[in-house]
Amino acid sequence: MSAACGHKSLILTAARAYGLAIPKTRVTNERETLSTAMAEGPAIVKPVAGGAYTLDATAADAQTDWHDGRAPVPAFVQEKLRYPELRVFFVGSAPHVFEIVSDDLDYRAGRNHSIVYRGASALDGLLAKKLAALAADLGLDFCAFDLKTADDGDLRFMEVNSGPMFAAFDEVARGALCAAMIDWLMARK
């Protein structure tokens, strides 16, 4: 696996190089930059290092301990996207597409969401090829891409998870993810 997998800024740059649309993104710890982003339209904030839920920019601003107009650590400030969200698992080069809809900004923050297994055919062929190529370039045999819908209806690449949690998704898919992993591993035996 490429060392870049743990560096979300590099992954966004790589995704764009593969022709994937990404949301308007700033990496900053400056309150002025956050204010500028919020003035342009609805925005979200998530930590560069991960480990926390996505927050609405207004809530993040209120919760941040600002010192001289700077936060202690940088964050991603991005345009706010909407549902549906797609989580696309790759096992080898085979995609498994899940559609997520939620009332929460970050579906993981609550229980009021739905996850539906759409299989491989739910993904546009060109998009599937771009994601598979990016996964291969990163050396990922198993991963999950997160894509969310922009106001124009197009999908935006959010991130790739190199060690994604999959149990809840496998349950929705009635074991299809685990079966694909076993098949893929057995073919390499």
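The values are calculated or read from the model by the stated rules, or taken from the named source; none is laboratory data. Please read these numbers as outputs of a predicted model, since none were measured by experiment. Cβ coordinates were reconstructed from backbone atoms using ideal geometry, including for glycine residues, and neighbour counts include every protein chain displayed. Ligands, DNA and RNA are stripped out before the accessible areas are found, and what is left, the full protein with its side chains, is counted by its heavy atoms. Shrake-Rupley method; radii C 1.70, N 1.55, O 1.52, S 1.80 Å.
Rounding to the nearest 20 debye, state how big the charge dipole of the chain is about its Cα centre with +1 on each Lys and Arg Cβ and -1 on each Asp and Glu Cβ.
Value, rounded to 20: 540 debye.
As a calculated quantity, the FRET efficiency between residue 10 and residue 82 at R0 = 30 Å, using C-beta atoms, amounts to about 0.70.
Over all Cα atoms in segment 26-84, the spread is summed up by Rg and Dmax: 10.7, 38 Å.
Size descriptors for segment 87-152, from the alpha-carbon set: Rg then Dmax equal 12.9, 36 Å.
Placing a pseudo-label 7 Å from each Cα along the Cα-to-Cβ vector at residue 149 and residue 66 gives an inter-label distance of 3.4 nm. The alpha carbon radius of gyration of the chain, expressed as a multiple of 2.2 N^0.38 Å, is 1.07.
Between residue 114 and residue 183, 0.36 nm times their residue separation minus their Cα-Cα distance comes to what?
Values: separation 69, 0.36 × 69 = 24.84 nm, distance 2.76 nm.
In short, 22.1 nm is gained.
Of the residues 158, 175, 109, the one whose Cα sits farthest towards the positive end of the charge dipole of segment 108-189 is 175 (charges of +1 on Lys and Arg Cβ, -1 on Asp and Glu Cβ, taken about the Cα centre).
In terms of Cα atoms, the Rg and Dmax of segment 133-189 work out to 13.8, 46 Å. Taking the longest Cα principal axis of the chain as reference, the axis of helix 31-40 is set at about 70 degrees.
Output the 0 to 90 degree angle, nearest 10, between the alpha-carbon long axis of helix 8-17 and the longest principal axis computed from the alpha carbons of the chain. Taking the Cα atoms of the chain, the angle to 8-17 is about 70 degrees. Largest accessible area first, the listed residues 7, 96, 113 line up as 7, 113, 96 when surface is computed with a 1.4 Å probe on the assembled protein chains. Summarising the label geometry, the points placed 7 Å from Cα in the beta-carbon direction at residue 48 and residue 30 lie 1.4 nm from one another.
Averaging the sequence gap over all C-alpha pairs within less than 8 Å and six or more residues apart, then dividing by the number of residues, gives the chain a relative contact order of 23 percent. According to the square roots a ≥ b ≥ c of the eigenvalues of the Cα gyration tensor, what is the shape class of segment 62-123, taking rounded for a/c under 1.5, prolate for a/b larger than b/c otherwise, and oblate for the remainder? Judged from the Cα gyration tensor, segment 62-123 comes out prolate (a/c at least 1.5, a/b above b/c). Rounding to the nearest 10 and keeping the result within 0 to 90°, find how far the Cα-based axis of helix 125-137 lies from the longest principal axis of the chain. Rounded to the nearest ten degrees, it is 80.
Across segment 111-162, C-alpha contacts under 8 Å between residues 6 or more apart give a mean separation that, scaled by the residue count, equals a relative contact order of 24 percent. Can you give the Kirkwood hydrodynamic radius for segment 1-100, in Å, rounded to one decimal and based on Cα pairs? That comes to 15.1 Å for segment 1-100. Residues 40, 79 ordered from highest to lowest accessible area at a 1.4 Å probe: 40, 79. The phi-based Karplus calculation (6.51 cos²θ - 1.76 cosθ + 1.60; θ = phi - 60°) puts the 3J(HN,Hα) values of segment 52-61 at 8, 6, 5, 10, 4, 4, 5, 5, 4, 4 Hz, whole numbers, x for Gly and Pro. Ordered by 1.4 Å accessible area with all protein chains kept, 145, 166 run largest first as 166, 145. Cα centroid separation, segment 108-126 to segment 42-103: 17 Å.
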